[in-house]
Amino acid sequence: MLQQIQETSRYILEKTEHFIPGIGIILGSGLGGLVKEIKVKYTLPYSEIPHFPQSTVHGHKGQLILGYLSDKPVLAMQGRFHCYEGYDMKQITFPVRVMKQIGINKLIVSNAAGGMNPEFQLGELMIIKDQINFFPSNPLIGKNEDELGPRFLDMSETYFKEYIDIAKQIAEQNNIRVKEGVYLGVSGPCFETPSEYRCFWRMGADAVGMSTVPEVIVARHGGMKVFGMSIITDLGIEERIENVSHEEVLKVAATQEPKMSLIVKELVKRIL
Ligand code: HPA
């Protein structure tokens, strides 16, 4: 794996004339709109990047964007990889390893998620304050490469508190309603049954989705500081559960995306 990480990093650095981003951003379903705000310098399709998996999901584009957001150098993943596509945890998180290798120490992740917290409305923006790994595996299983991080990883502050505080300030200053909550990650591809939503809520999660948790584990393994946000695209609240479809998820995400983009853009300005 080490060799692959190095080869991919070298490819990206060569293609971008050694453009060094200060922050990595992973854009989730229907949340690619932030790219419009980036002064794009380089676009690298995943299909051309050595060792990169391919994005197979509608609504996930599949390219790396390098450029300036709020005049700060960033790398954005437009489209990510999921367990339900058949990728294993190491493949899903490979791009995060590469980000770290090219010198990125900060990561922002976004996703669409189902909300279980009865205080949530459809389209709610949720700042992720912690996560629960409910995937069938863990990306750190296997031989530990000590150069990449510790064998036994401390997860006591997975999402960096300082970033959460800044994001809340930004939201308040811009009259954007945000909530904080715990994100639980599952493999998918099924959406949850009413009993599963109820189970996850009782377990302590506010929202559930099919991504983010593996990437964040690997980012923490590499010592990166992480910020995450979910858009609540459907509700799994007892007595209020409705049908959910991927199209509906994309539709709700798109309506709320500008607010999340604003918060991310401001956050980048303040932490870089
Ligand atoms: N469950 C799992 N993943 C999701 C959901 C959901 O309700 N909504 C968007 N992604």
Pull up the DSSP beta bridges for the chain and report the antiparallel fraction as a percent, rounded to 5. 40 percent
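Quick one: plug the Kirkwood hydrodynamic radius of segment 4-132 (C-alpha pairs) into Stokes-Einstein at 25 °C, 0.890 mPa s, and report D in µm²/s.
Estimated via Stokes-Einstein, D reaches 159 µm²/s.
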Here the equivalent ellipsoid of segment 154-272, derived from its Cα gyration tensor, has semi-axes (largest first, whole Å) of 25, 19, 13
Past the 22 Å Cα-Cα mark, which pairs from 106/161; 15/225; 61/168? 15/225; 61/168
How about segment 159-224: which trypsin sites (Lys or Arg not before Pro) there are in a DSSP loop, with at most 11 other Cβ atoms within 10 Å of their Cβ? 177
Please state the shape class of the chain: rounded when a/c is under 1.5, otherwise prolate if a/b exceeds b/c and oblate if not, all from the C-alpha gyration tensor. prolate
Counting Lys and Arg as +1 and Asp and Glu as -1, what is the net charge of the other residues whose Cβ lies under 13 Å from the Cβ of residue 71? +4
For 212, 255, what's the fewest-to-most ordering of other Cβ within 10 Å of each Cβ? 255, 212
Which trypsin sites (Lys or Arg not before Pro) does segment 88-149 hold that lie in a coil by DSSP with at most 12 other beta carbons within 10 Å? 143
Looking at segment 4-62, which GluC sites (Glu not before Pro) are in a loop (DSSP not H, G, I, E or B) and have at most 10 other Cβ atoms within 10 Å? 17
Peptides ranked, highest mean first, by Cβ atoms within 10 Å: ranges 145-155, 18-28: 18-28, 145-155
Assign one of three labels to segment 110-206, namely rounded, prolate or oblate, based on the Cα gyration tensor with a ≥ b ≥ c the square roots of its eigenvalues; rounded applies when a/c is under 1.5, prolate when it is not and a/b is larger than b/c, and oblate otherwise. oblate
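Net charge around residue 130, counting only other residues with Cβ within less than 11 Å of its Cβ (Lys, Arg = +1; Asp, Glu = -1)? Working shown, then result.
On the way: positive: 129, 161; negative: 157, 180, 206.
Its environment carries a net charge of -1.
Each reported figure results from applying straightforward, stated rules to the coordinates on display, with no laboratory input. This structure is a prediction, so every number in the text was calculated from the model and none was measured. FYI the Cβ positions are ideal-geometry reconstructions off the backbone, even for glycines, and counts take in every protein chain you see.
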